[in-house]
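Here's the structure we're looking at; comments come further down.
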Amino acid sequence: MTKVEIFRKNGNIIGYKASGHSGYSEQESDIICSAISTSLQMTLIGIQEVLKLKVDFKINDGFLDVDLKNISQSKLTQTNILTEAMAIFLKELTKQYPKYIRLVEKEDK
């Protein structure tokens with residue numbers, strides 16, 4: 001199962017993390033894992049390449065951690081379209097494949 005955590009502060013997404021493999025099928029042909037990875041990485045690339053923001057992140061096989069806490073509030077507002085679209089997609093994917101994805105949203109205080 002893939003665990004995806006979305007971290008929020010004042011309603012804004014300030015980071016996200018994913019770990020594990022979904023186990024839907026073999027690693028090289030796992031469409032659920034591919035969908036999750038594509039959504040998370042496309043969001044990161046959009047923030048970096050389209051918005052031109054420097055982002056702290058770590059990526060390894062079966063692991064991605066993106067930290068947006070050091071981005072100014074005005075820039076964080078710009079990331080919202082990308083990160084909220086990602087969150088909506090992951091929620092829908094979780095509804096369709098609840099055995100393979102665990103989505104957790106946490107509010108940072």
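Considering each residue of the stretch 31-51 in turn, none proves to be more than 13 Å from the chain's Cα centre (by Cα), at pLDDT below 90 and at negative phi. Figure legend. Inter-residue proximity from the stretch 1-18: first residues assigned to a strand (DSSP E or B), second residues among the aromatic types (Phe, Trp, Tyr), beta-carbon distance below 6 Å, spacing 6+ or different chains. Indicated pairs: ILE6/TYR16; ILE14/PHE7; GLY15/PHE7.
The C-beta contact set for the stretch 53-69 (first residue within 12 Å of TYR16 (Cα to Cα) and among the basic types (Lys, Arg), second residue part of a strand (DSSP E or B) and open to solvent by less than 90 Å² (accessible area, probe 1.4 Å), distance under 6 angstrom, 6+ apart or interchain) comprises LYS58/ASP65; LYS69/ILE14.
The residues on offer are LYS54, LYS75, LYS58, and the sole one that is out of contact with any Leu (no Cβ under 9 Å at 6 or more places or on another chain) and farther than 25 Å from GLN96 by Cα is LYS54. Among the residues here, ILE47 qualifies as assigned to a helix (DSSP H, G or I) and either touching a helix residue (DSSP H, G or I) at 6+ places or on another chain (Cβ under 9 Å) or more than 15 Å from GLY15 (Cβ to Cβ) (or both). All of GLY11, GLY46 fail the test of being open to solvent by less than 20 Å² (accessible area, probe 1.4 Å) and within 15 Å of ALA87 (Cα to Cα), apart from GLY46. The requirement of being of a type in the set (D, E, K, R) and within 13 Å of the chain's Cα centre (by Cα) is satisfied by LYS17. Taking the criterion of being open to solvent by 60 Å² or more (accessible area, probe 1.4 Å), in a loop (DSSP other than H, G, I, E, B) and in contact with a helix residue (DSSP H, G or I) (Cβ under 9 Å, 6 or more places away or on another chain), the only residue of the stretch 22-43 that qualifies is TYR24. For the stretch 93-109, residues that are closer than 16 Å to ALA18 by Cβ and either in a strand (DSSP E or B) or of a type in the set (D, E, K, R) (or both) total 6. Somewhere in the stretch 59-71, is a residue open to solvent by 60 Å² or more (accessible area, probe 1.4 Å), among the basic types (Lys, Arg) and under 13 Å from the mean Cα position of the chain (by Cα)? Checking the stretch 59-71: not a single residue is open to solvent by 60 Å² or more (accessible area, probe 1.4 Å), among the basic types (Lys, Arg) and under 13 Å from the mean Cα position of the chain (by Cα).
Out of all the residues in the stretch 65-85, is one or more charged (D, E, K, R), under 16 Å from GLU105 (Cα atoms) and part of a helix (DSSP H, G or I)? Taking every residue of the stretch 65-85 in turn, at least one turns out to be charged (D, E, K, R), under 16 Å from GLU105 (Cα atoms) and part of a helix (DSSP H, G or I). Filtered by the rule that a residue be surrounded by fewer than 17 Cβ atoms within 10 Å (Cβ to Cβ) and of a type outside the set (S, T, N, Q), the stretch 72-100 gives LYS75, ILE81, GLU84, ALA85, ILE88, LYS91, GLU92, LYS95, PRO98, LYS99.
The values are calculated or read from the model by the stated rules, or taken from the named source; none is laboratory data. This one's a predicted model, so the numbers in the text were calculated from it and none came from an experiment. We place every Cβ from the backbone using ideal geometry, glycine too, and count neighbours over all the protein chains shown. What goes into the accessible areas is simple: the full protein's heavy atoms, side chains included, and nothing from ligands, DNA or RNA. Shrake-Rupley method; radii C 1.70, N 1.55, O 1.52, S 1.80 Å.
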